[in-house]
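Trainee: Take a look at the following structure, please.
The values are calculated or read from the model by the stated rules, or taken from the named source; none is laboratory data. Just so it is clear, the model here is predicted, and its values are computed rather than measured. When we count neighbours, we look across all protein chains shown, and the Cβ atoms used for this are built from the backbone with ideal geometry, even at glycine.
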Amino acid sequence: MANERSTSVWDALVDSPEEAENLRIRSQLMRAITRTVKSWDVAQKEAAQRLHVTQPRLNDLLKGKIDKFSLDALVNMLASANLEIEVTVRLKAA
């Protein structure tokens with residue numbers, strides 16, 4: 001086990017490539033929302049209202065608590081932040 005190597009941090013954290021990919025995508029979405037919220041330069045309470053979530057929920061996002069957010073929840077927050085997602089699907093590099 002000490003000699004095992006993971007291709008990404010997400011692969012090291014979970015048992016399956018599917019779970020790792022889900023974490024990777026959620027992380028990207030969370031970072032995009034966080035950047036946007038910080039660019040608003042408003043209090044968390046107002047930012048939470050803009051995203052249609054509670055202030056504690058927004059705080060979880062800003063603290064990177066990835067386990068508390070589904071892809072669906074993050075997509076809803078992106079829409080509330082007036083952001084859109086562009087999806088590219090391609091074969092993994094060997």
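Trainee: Looking only at the range 68-76, decide whether some residue is of a type in the set (A, V, I, L, M, F, W, C), farther than 15 Å from residue 25 by Cβ and part of a helix (DSSP H, G or I). Full working, then the answer.
Mentor: First pass over the range 68-76, keeping only residues of a type in the set (A, V, I, L, M, F, W, C): 69, 71, 73-75.
Next, from what is left, pick out any that are farther than 15 Å from residue 25 by Cβ: none.
Checked the range 68-76: no residue is of a type in the set (A, V, I, L, M, F, W, C), farther than 15 Å from residue 25 by Cβ and part of a helix (DSSP H, G or I).
Trainee: Given the criteria of a type in the set (A, V, I, L, M, F, W, C), surrounded by fewer than 16 Cβ atoms within 10 Å (Cβ to Cβ) and in a helix (DSSP H, G or I), does residue 32 qualify?
Mentor: Details: of a type in the set (A, V, I, L, M, F, W, C): yes; surrounded by fewer than 16 Cβ atoms within 10 Å (Cβ to Cβ): no; in a helix (DSSP H, G or I): yes.
When the stated conditions are applied, residue 32 does not pass them.
Trainee: Sticking with this structure for a sec: Output the number of residues of the range 23-47 satisfying the condition of being over 24 Å from residue 86 (Cα atoms) and either in contact with a Lys or Arg (Cβ under 9 Å, 6 or more places away or on another chain) or among the small types (Gly, Ala, Ser) (or both).
Mentor: Of the residues in the range 23-47, the ones over 24 Å from residue 86 (Cα atoms) are 41-46.
From what is left, the residues that are either in contact with a Lys or Arg (Cβ under 9 Å, 6 or more places away or on another chain) or among the small types (Gly, Ala, Ser) (or both) are 42-43.
Result for the range 23-47: 2.
Trainee: Answer yes or no as to whether residue 41 is at pLDDT 95 or above and either of a type in the set (A, V, I, L, M, F, W, C) or surrounded by 14 or more Cβ atoms within 10 Å (Cβ to Cβ) (or both). Please lay out each step first, then the result.
Mentor: On the way: at pLDDT 95 or above: yes; either of a type in the set (A, V, I, L, M, F, W, C) or surrounded by 14 or more Cβ atoms within 10 Å (Cβ to Cβ) (or both): no.
Considered against the rule, which asks whether it is at pLDDT 95 or above and either of a type in the set (A, V, I, L, M, F, W, C) or surrounded by 14 or more Cβ atoms within 10 Å (Cβ to Cβ) (or both), residue 41 comes out as no.
Trainee: Now, a different point. List pairs: first in the range 44-72 and among the acidic types (Asp, Glu), second modelled with pLDDT of 95 or more, Cβ under 8 Å, 6+ apart or cross-chain?
Mentor: 46/40; 60/68; 60/69
Trainee: Next question, about the same structure. Would a scan of the range 18-30 turn up a residue that is within 30 Å of residue 91 (Cα to Cα), touching a residue at least 40 places away in the same chain (Cβ under 8 Å) and charged (D, E, K, R)? Working first, answer last.
Mentor: Pass one, the range 18-30, residues within 30 Å of residue 91 (Cα to Cα): 18-30.
When the remaining residues are screened for being touching a residue at least 40 places away in the same chain (Cβ under 8 Å), the result is 22-23, 25-26, 29-30.
When the remaining residues are screened for being charged (D, E, K, R), the result is 26.
Looking through the range 18-30, at least one residue is within 30 Å of residue 91 (Cα to Cα), touching a residue at least 40 places away in the same chain (Cβ under 8 Å) and charged (D, E, K, R).
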